[in-house]
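Have a look at the structure below before the remarks.
What follows draws every value from the coordinates through simple rules; no lab data is involved. No experiment lies behind these values; they were computed from the predicted model shown. Heads up, the Cβs are rebuilt from the backbone with ideal geometry, glycines too, and the neighbour counts pull from every protein chain shown.
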Amino acid sequence: MHTGVAIDLPAPRVELELGRRRHRRITGPAGAILFACMFLPAVKGCSAPVYPIEAPIFLPPYLFGLAFMIAAWAWTVRGLHRAVRLARAVTFASIACSTVTLLLAPPVGIVELAISVFVLATLGWTGCSERRLALAALVMGALGTLWFGLWASTAEAMIGVYLAALGSAALLVGACTWLVDLTLQRRMFRRA
């Protein structure tokens, strides 16, 4: 039954898009490879292969791979905000793991803690910056390439370490491409 009262529907929400980014084709798969390596055999153990998932103190690089894969999928500003929050959460978890590692193996813990704090400083405590997220990807890609590259040069290395080194190197390339995209976009806006 019609009562003659008009109902105004709410205005549709408009999502601001980030624009075209060439890095997505590199950063997304690189993050996926890095994350998947968490479930692959990394090094030869005494009686069986060692998987990263078995040692939580070594999970942060793989979780950063997941965070940057999700960041590559972000097409809107809201998605970017979520990706930054996820990267910060992984960074805080990394700081917690580094603190535990500091108690168990002080030299390794100090290095992990310094890296985690550096990534947090790159991301910042608050706010959302795509450039800062790309810089964090650059830091993690460079450090991951170095870390997994050193592991890959040992006789104990297995498929997970080789693929993680490849994923980290691709993340480094993707982050560089991401920063170039952002720089070119900024220049176009300045000209307009």
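Couple of notes before you dig in:
- Cα long-axis angle, helix 24-36 against the chain (0 to 90 degrees, to the nearest 10): 50 degrees
- For the chain, the longest principal axis of the alpha carbon atoms and the long axis of helix 106-123 meet at an angle near 20°.
- Longest DSSP-loop-exposure-free segment, trypsin sites (Lys or Arg not before Pro), the chain, at most 11 other Cβ within 10 Å: 21-192
- Annotation for His81 and Ala114: the two label points, set 7 Å from Cα along the Cα-Cβ direction, are 3.7 nm apart.
- Taking amide H atoms as placed 1.01 Å from N in the peptide plane, the amide H of Thr76 lies under 5 Å from those of Leu18, each 5 or more residues away in sequence or on another chain.
- Placing unit charges on each Cβ (+1 for Lys and Arg, -1 for Asp and Glu) gives the range 52-181 a dipole about its Cα centre, and among Val161, Leu103, Ala121 the Cα reaching farthest toward its positive end belongs to Ala121.
- Lys, Arg +1 and Asp, Glu -1 on Cβ, resulting dipole of the chain about Cα centre, debye, nearest 20: 840 debye
- Of the chymotrypsin sites (Phe, Trp or Tyr not before Pro) in the range 82-187, the ones in a loop by DSSP (not H, G, I, E or B) with at most 12 other beta carbons within 10 Å are Trp125.
- Cut-off 18 Å (backbone N to label point 7 Å along Cα→Cβ of Thr154), residues of the range 43-71: 43-62
- Taking the longest Cα principal axis of the chain as reference, the axis of helix 60-73 is set at about 30 degrees.
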